[in-house]
Amino acid sequence: MSELDDDTELAPAGEGTWAGSINPRWNVGTAPNGGYLIALAARAMLAASDRPD
């Protein structure tokens, strides 16, 4: 796995809910990079979907 795969890993946290953490290595200054946040959201959508991509 890549660092991005590791840092966007999510765990089920209830029906339709996913939990993860925001790793500061993806920050731009003091704020998380927007693309990184979208990657987290995309991983949650894929996990909740019955489709492979």
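Side notes on the structure shown:
- Rounded to the nearest whole Hz, the Karplus-based 3J(HN,Hα) values (6.51 cos²θ - 1.76 cosθ + 1.60, θ = phi - 60°) of the range 35-46 follow the sequence x, 5, 5, 5, 4, 4, 5, 5, 4, 5, 5, 5, with x at glycine and proline.
- Rg(Cα)/(2.2 N^0.38 Å) for the chain, N = residue count: 1.17
- Scanning residues 5 or more positions from N33 or on other chains, those with amide H under 5 Å from its amide H are N27, V28, with H placed 1.01 Å from N in the peptide plane.
- Within the accessible area of the chain (1.4 Å probe), percent carbon and sulfur: 56
- Remark on W18: its backbone amide H falls under 5 Å from those of A13, a criterion applied only to residues 5 or more positions apart or on other chains, H modelled at 1.01 Å from N.
- Among 16-26, 41-51, the peptide with the highest mean count of other Cβ atoms within 10 Å heads the list, and the full ranking is 16-26, 41-51.
- Residue-level accessible surface for E3, protein heavy atoms, 1.4 Å, Å²: 100
The values are calculated or read from the model by the stated rules, or taken from the named source; none is laboratory data. Source: prediction; values computed, not measured. A quick note on method: Cβ atoms are made from the backbone with ideal geometry, for glycine too, and the neighbour counts reach across all protein chains shown. Accessible surface is based on the protein model in full, side chains and every heavy atom, while ligands, DNA and RNA are left aside. Shrake-Rupley method; radii C 1.70, N 1.55, O 1.52, S 1.80 Å.
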